[in-house]
Amino acid sequence: MASLDRVKVLVLGDSGVGKSSLVHLLCQNQVLGNPSWTVGCSVDVRVHDYKEGTPEEKTYYIELWDVGGSVGSASSVKSTRAVFYNTVNGIILVHDLTNKKSSQNLYRWSLEALNRDLVPTGVLVTNGDYDREQFADNQIPLLVIGTKLDQIHENKRHEVLTRTAFLAEDFNAEEINLDCTNPRYLAAGSSNAVKLSRFFDKVIEKRYFLRDGNQIPGFPDRKRFGGGTLKSLHYD
């Protein structure tokens, strides 16, 4: 089997928001029965058909890098996580819909990954302090995913989803809200599945098809991974 081209997508967010469960659902199409805390980074792979159903259709590997969300001292955490932020082609920002702080902290996560040399890790950047213009030239596609949708009471759901819609707008990103313990939220043909496919297509386009200087240099040589499927590599 020939080696497939691949892209690297970071999965960022606070500890406990369900990043590992989300990655497992995306890559294995199964619910993760007993999720554990991610130390360092865990990598899994999803096979994606770019522009499925068109003459341009081509299969790619999507490497999903689940970065541990624990917060320590600014200097130690930044130096530890910085290595995972190299040669990034896309970012999925994950928050817990029942935890407003985890939503606010996505501003800090975006600053850390996209502008890591200027913003110290550990600084909480809330909506009021976030200036979307500072990332006006950002070429890395973003997707915002809210988890634990099932845990929001029906009479609170409209309020919560209205708030998170503004969050996604700040990042100029599409939004998916789901329950990681229920695969139906990403069922083929659903609006969430369409958004996810569109996001991965955009990541691939930015990496492989743009020739105007937007392509991120230094992408790792796929040959070192061989032609097989990469499964749950851990970096401690």
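The values are calculated or read from the model by the stated rules, or taken from the named source; none is laboratory data. These figures come from a predicted structure and were not determined experimentally. Accessible surface areas use protein heavy atoms only, side chains included; no ligands, DNA or RNA. Shrake-Rupley method; radii C 1.70, N 1.55, O 1.52, S 1.80 Å.
Each residue of the stretch 160-177 in turn: what ³J(HN,Hα) in whole Hz from Karplus with 6.51, -1.76, 1.60 and θ = phi - 60°, glycine and Pro shown as x?
Those phi angles translate into 5, 5, 5, 5, 6, 5, 5, 4, 4, 4, 4, 8, 6, 10, 6, 10, 10, 10 Hz.
Taking a threshold of 22 Å on the Cα-Cα distance, which of the pairs LYS8/LYS101; LYS51/LYS195; LYS19/LYS195 fall above it?
Beyond 22 Å: LYS8/LYS101.
To the nearest 10 square angstrom, what accessible area does THR162 show with a 1.4 Å probe?
Roughly 60 Å² of THR162 is accessible to a 1.4 Å probe.
Give the long-range amide H neighbours of LYS58: residues separated by 5 or more places, or on another chain, with amide H under 5 Å away, using H modelled in the peptide plane at 1.01 Å from N.
Residues meeting the criterion, in which the H sits 1.01 Å from N, are TYR50.
At 10 °C and 1.306 mPa s, what whole-number value in µm²/s does Stokes-Einstein give for the translational diffusion of the stretch 149-193, with Rh from the Kirkwood sum over Cα pairs?
The estimated diffusion coefficient comes to 136 µm²/s.
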